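**Q** One structure, as structure tokens, below. Some questions next.
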Amino acid sequence: MKTIASQVSEYIKTKPYLSTALSQGIINLTSLARQIQPDIEKALRKPARSGAIVMALKRISDSEEFLSTHKIVSVLRNLGDITVRSSLTDYCFKLSETLLLTQAEFLTAIKGKKEIFYTSSRGVGESNIVVSSHLTSLIEDVFKNEICIDKIENLSAITVKLPTDNVKIPGIYYFIFQRLSWEGVNINEVISTSNEFTILMDDDSVNVAFEVIKNLKSI
């Protein structure tokens with residue numbers, strides 16, 4: 001049986017930004033109730049009192065989302081090292097039968113070189129390779145027979161080490177990316193492993209992004 005409480009809960013679950021804002025107490029519940037009342041009534045197929053919607057919103061902000069956010073905050077307060085790299089170039093190559101061999105050739109060429117950045121990710125039809133910009137001549141020579149789909153220059157990367165229990169808590173990445181989005185940081189690419197992730201963005205955005213991530217430790 002559909003109830004006002006259940007429908008309000010379902011509605012909030014489809015609005016991640018709204019859900020977090022509720023948990024932080026920065027939304028006027030009465031105004032929000034009036035705004036979503038038509039959608040709740042449509043789902044219920046009957047009238048719904050604004051006061052009942054307000055009470056449902058209050059229960060959500062006091063319980064489920066708060067508990068979830070509390071777990072996320074506990075993880076974020078234990079973030080590990082934050083490493084920043086600048087002057088990077090992101091190449092996107094079409095997958096081919098020779099691409100892995102070409103990558104191996106490139107890795108051999110940079111073996112022993114210090115102070116360089118290199119990372120790669122492989123999708124279904126393409127593979128991205130991110131390198132220090134001073135290696136562009138080398139990579140374009142080694143990969144000259146591969147199909148380059150895209151090339152983005154003047155990028156920076158921020159690598160963050162996460163506590164090992166991050167894989168057990170849903171919403172951590174959303175929580176981080178939400179705050180970056182609020183500050184207008186556009187993320188070009190995300191590369192992650194079990195306990196760390198790297199985000200790529202324009203050089204102009206790296207200072208803002210670093211401050212956002214650093215401040216997560218003290219929320």
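**Q** Can you tell which of S31, S50 is among the hydroxyl-bearing types (S, T, Y), more than 24 Å from the chain's Cα centre (by Cα), under 29 Å from R179 (Cβ atoms) and modelled with pLDDT of 90 or more?
**A** None of the others qualify; the one that does is S31.
**Q** Would you confirm whether or not the stretch 86-95 contains a residue that is part of a helix (DSSP H, G or I), under 20 Å from V190 (Cα atoms) and not assigned by TED's automatic domain parsing to the domain that holds E10?
**A** No, that holds for no residue.
**Q** Considering the stretch 157-191 alone, what residues qualify as being of a type in the set (S, T, N, Q), over 18 Å from K71 (Cβ atoms) and surrounded by 15 or more Cβ atoms within 10 Å (Cβ to Cβ)?
**A** T159, N188
**Q** Specify the residue that is nearest to F106 (Cα to Cα); the eligible residues are those in the stretch 126-143 that are out of contact with any strand residue (DSSP E or B) (no Cβ under 7 Å at 6 or more places or on another chain) and in contact (Cβ under 8 Å) with a residue 24 or more places away in the chain.
**A** V142
**Q** Specify the residue that is modelled with the lowest pLDDT; the eligible residues are those in the stretch 197-218 that are surrounded by 18 or more Cβ atoms within 10 Å (Cβ to Cβ) and not in a helix (DSSP H, G or I).
**A** Checking each candidate, the answer is F197.
**Q** Condition first: buried (at least 16 other Cβ atoms within 10 Å of the Cβ), among the hydrophobic types (A, V, I, L, M, F, W, C) and at pLDDT below 90. Can you find one or more residues in the stretch 77-99 that meet it?
**A** yes
**Q** For the condition β-branched (V, I, T), over 24 Å from Y91 (Cβ atoms) and touching a helix residue (DSSP H, G or I) at 6+ places or on another chain (Cβ under 8 Å), what is the one hit in I139, I158, I176?
**A** Within the list I139, I158, I176, the selection yields I176.
**Q** Follow-up question, since we're still on this one. I need the full set of residues from the stretch 94-106 which are within 16 Å of L135 (Cα to Cα) and not aliphatic (A, V, I, L, M), in order please.
**A** Selection gives T102, Q103, E105, F106.
**Q** S133 is checked against (1) surrounded by fewer than 17 Cβ atoms within 10 Å (Cβ to Cβ); (2) within 22 Å of the chain's Cα centre (by Cα); (3) among the small types (G, A, S) and fails just one. What number does that condition carry?
**A** That leaves (2) as the condition not met.
The values are calculated or read from the model by the stated rules, or taken from the named source; none is laboratory data. Predicted, not measured: the structure shown is a model, and the values here were computed from it. We place every Cβ from the backbone using ideal geometry, glycine too, and count neighbours over all the protein chains shown.
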